[in-house]
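J.: There's a structure below that I have some questions on.
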Amino acid sequence: MTENKFTSYANSDILVSTQWVADNLDKFSSDSADPEYRLVESNEDPLLYRSGHIPGAIEIDWTEDLNDPVTRDYIQKEAFQELLRSKGIGPNTTVVFYGDKNNWWSSYALWVFQLFGFDQVKLMDGGRIKWELEDRELTKEVPSYPTTEFVANERNDAPIRAFRDDVLTHIESSLPLVDVRSPEEYRGERLHIPGKPNEGALRGGHIPGARSIPWSSAANDDGSFKPVEELEELYVNQNNLERDKQTITYCRIGERSSHSWFVLKYLLGFENVRNYDGSWTEYGNLVGVPIENPSV
Amino acid sequence: MELPEKLAELVNDFKLVSDKNERMDMLIFYAEDFEEVPQEIATRPFPEDKRVPACESEAYVWSELQDGKMKFYFAVENPQGISAKAMAAILDETVSGSSPEEVAKLSPDVVYELFGKNLSMGKSAGLTSLVSVVKGHAVKAISESSN
């Protein structure tokens with residue numbers, strides 16, 4: 001399951017390689033009602049899974065499956081339990097996530113699973129990009145697995161999710177925030193960068209005191225994570241983040257910051273890191289909150 | 001919503017399909033039919049002025065006007081940009097061969113008619129921008145012909 005690179009991370013078994021997934025495809029398509037593993041693809045592009053996916057993988061659509069259809073929030077316990085039961089994820093199943101966009105959305109899904117205390121999770125290093133670059137098998141066959149008796153915990157946001165009031169308290173306490181958007185967005189030069197969508201914020205800039213560490217600094221071109229030494233150099237040495245200090249990550253809507261949250265929590269072993277999923281689409285629209293904008 | 005005639009027909013076909021997966025398979029069918037811009041029209045590196053703003057799949061649009069009819073060409077550089085390919089293939093099939101006035105009836109809202117409303121904000125911004133760029137080519141062709 002592990003590559004040499006993986007063993008040096010703070011959590012050496014949180015990642016699996018594309019090779020390990022390829023070698024263990026039969027484990028993911030078990031007909032057991034409490035299988036050892038399920039493979040879950042989560043993408044931004046709603047067509048991608050049905051156009052071809054890793055054999056045996058099921059899809060969890062971040063937008064449709066994990067979000068409340070009305071409130072800007074995630075589903076509650078009952079819906080999460082029903083979702084996992086219907087997908088064939090049992091009480092003892094370990095879920096291996098992968099997806100498009102350098103695993104942004106699969107990191108986000110993994111994070112939502114953790115809101116329910118579901119910590120039997122792993123991420124396939126490199127996601128879809130690496131799997132496709134390696135010219136590995138894809139199928140259109142959508143599997144159907146037996147319904148399970150999975151029982152969900154109540155959602156408990158506090159350990160890993162920050163709300164706007166938490167962010168404001170965080171600022172007052174001079175605790176570290178990590179802005180993972182592009183440097184141009186961070187500097188307030190643009191509400192969005194050319195070639196990227198404008199996701200609806202009325203003000204530019206960043207949360208006061210936040211460090212700018214774009215999410216992509218943690219990833220190689222093939223979507224895989226950089227080795228621990230490089231991550232340590234970037235987050236700890238260059239940006240003075242400390243493992244035992246409360247840390248909050250944010251981006252525009254919380255998906256890229258889930259990627260950085262994953263890096264800090266699992267690969268570098270930060271003890272208390274939360275993702276502010278309201279991110280800039282909330283903060284940049286709040287009335288009267290403090291903003292730093294060096295371009296003004 | 002008024003739309004170019006062939007696109008309006010396609011939207012009606014989509015409305016008849018209530019099953020979400022079936023609709024997605026229809027879109028994938030178009031994506032798999034996507035034909036990239038021929039070399040006679042453009043070669044890499046593609047010019048920035050042909051790039052669709054706000055589209056993370058790095059889509060490009062070219063057009064020609066011949067005998068009063070428009071022909072559109074597309075490129076989508078992100079190999080995982082399957083929704084952009086589907087939208088481009090649908091636009092090529094439904095508005096290439098139409099007059100600029102007909103193409104200018106395009107509305108970016110057609111994206112939601114085809115893909116549904118549950119697109120991520122980023123994805124809907126990119127796809128609506130693609131439609132807007134095609135419409136913009138038609139509007140430009142109309143203004144140039146009236147000068």
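J.: Write down the accessible area per residue of chain A in Å², having rolled a 1.4 Å probe over the full set of protein chains.
T.: Per-residue accessible area for chain A comes out at 39 Å².
J.: Quick one: which of A:27/A:77; A:5/A:245; B:117/B:140; A:140/B:117; A:101/B:135; A:27/A:122 span more than 18 angstrom between C-alpha atoms?
T.: Beyond 18 Å: A:27/A:77; A:5/A:245; B:117/B:140; A:140/B:117; A:101/B:135.
J.: Still on this structure, I have one more. In region A:40-54, which residues become less accessible by 10 Å² or more once every protein chain is in place, relative to the chain on its own, using a 1.4 Å probe?
T.: Residues shielded by partner chains are A:44, A:45, A:46, A:47, A:48, A:50, A:51.
J.: Assuming a ≥ b ≥ c are the square roots of the Cα gyration tensor eigenvalues, decide whether chain A counts as rounded (a/c under 1.5), prolate (otherwise, with a/b larger than b/c) or oblate.
T.: The shape class here is prolate.
J.: Mind listing the phi-derived Karplus ³J(HN,Hα) values for region A:55-64, rounded to whole Hz, using 6.51, -1.76 and 1.60 with θ = phi - 60°, and x for any glycine or proline?
T.: Those phi angles translate into x, x, 6, 9, 10, 10, 7, 4, 5, 7 Hz.
J.: Can you send over the carbon and sulfur percentage of the accessible area for region A:1-55, probe radius 1.4 Å, protein chains only?
T.: Carbon-and-sulfur percentage of accessible area, whole number: 39.
J.: Here's another thing I want to ask about it. Please give the per residue accessible area of chain B, computed with a probe of 1.4 Å over protein heavy atoms only, in Å².
T.: Heavy-atom SASA per residue in chain B reads 49 Å².
J.: Amide H of residue A:37: which non-local residues (sequence gap of 5 or more, or other chain) have their own amide H closer than 5 Å, using H built in the peptide plane?
T.: It is A:94, by chain and number.
J.: If you take the alpha carbon radius of gyration of region A:164-283 and divide it by 2.2 N^0.38 Å, what ratio comes out, to two decimals?
T.: Scaled against compact globular proteins, the figure is 1.00.
J.: Quick one: buried accessible area between A and B, total over both chains, 1.4 angstrom probe, nearest 100 Å²?
T.: Looking at A and B, the buried total is near 2200 Å².
J.: Here is a further query. Report in % the part of the accessible area of region A:164-283 that belongs to carbon and sulfur, leaving out ligands and nucleic acids; probe 1.4 Å.
T.: It is 41 percent, rounded to a whole number.
J.: A further question follows. If R₀ is 51 angstrom, what is the calculated FRET efficiency for the pair residue A:239 and residue B:93, using the beta carbon separation as r and rounding to 0.05?
T.: Efficiency computed from Cβ-Cβ geometry: 0.55.
J.: Over region A:1-124, what is the relative contact order in percent, taking alpha-carbon pairs closer than 8 angstrom and at least six residues apart?
T.: Reported relative contact order: 30 percent.
J.: Please compute the contact order of chain A in relative form: average sequence separation of alpha-carbon pairs under 8 Å and at least six residues apart, divided by the residue count, as a percent.
T.: Dividing the mean separation by the residue count of chain A yields 20 percent.
J.: Between residue A:165 and residue B:16, what FRET efficiency follows from the Cβ-Cβ distance if R0 is 35 Å, with the result rounded to 0.05?
T.: Computed FRET efficiency for residue A:165 and residue B:16 comes out at 0.15.
J.: Still on this model: Could you let me know the centre-to-centre spacing of region B:99-147 and region A:46-87, using Cα atoms, in angstrom?
T.: 30 Å
J.: For residue A:97, list long-range residues whose amide hydrogen, built 1.01 Å from N in the peptide plane, is under 5 Å from its own amide hydrogen.
T.: A:40, A:122, A:123, A:124
J.: When the accessible area of region B:5-145 is split by element with a 1.4 Å probe, what percent falls to carbon and sulfur?
T.: 47 percent
J.: Using θ = phi - 60° and the Karplus relation 6.51 cos²θ - 1.76 cosθ + 1.60, list the HN-Hα couplings for region A:279-287 in order, rounded to whole Hz, with x at every Gly or Pro.
T.: 6, 5, 5, 9, 4, x, 10, 6, 7
J.: In percent, what relative contact order does chain B have, based on Cα pairs under 8 Å that are 6 or more apart in sequence?
T.: Relative contact order comes out at 30 percent.
J.: For region B:5-145, what is the convex hull volume of the alpha-carbon atoms per residue, in Å³?
T.: Normalising the Cα hull of region B:5-145 by residue number yields 103 Å³.
J.: Give the long-range amide H neighbours of residue A:277: residues separated by 5 or more places, or on another chain, with amide H under 5 Å away, using H modelled in the peptide plane at 1.01 Å from N.
T.: A:162
J.: At what distance in angstrom do the alpha carbon centres of region A:111-137 and region A:157-189 lie from each other?
T.: 25 Å
J.: Hey, what number do you get for the protein assembly as shown at 222 nm if only DSSP H runs of n ≥ 4 count, each worth -39500 (n - 2.57), divided across all residues, to the nearest 500?
T.: -9500 deg cm²/dmol
The values are calculated or read from the model by the stated rules, or taken from the named source; none is laboratory data. Everything numeric here is computed off the predicted structure, so don't read it as measured data. Positions of Cβ are generated from backbone atoms using ideal geometry, with glycine treated the same way; all protein chains shown enter the neighbour counts. Just the protein is used for accessible areas: all its heavy atoms, side chains included, with ligands, DNA and RNA removed. Shrake-Rupley method; radii C 1.70, N 1.55, O 1.52, S 1.80 Å.
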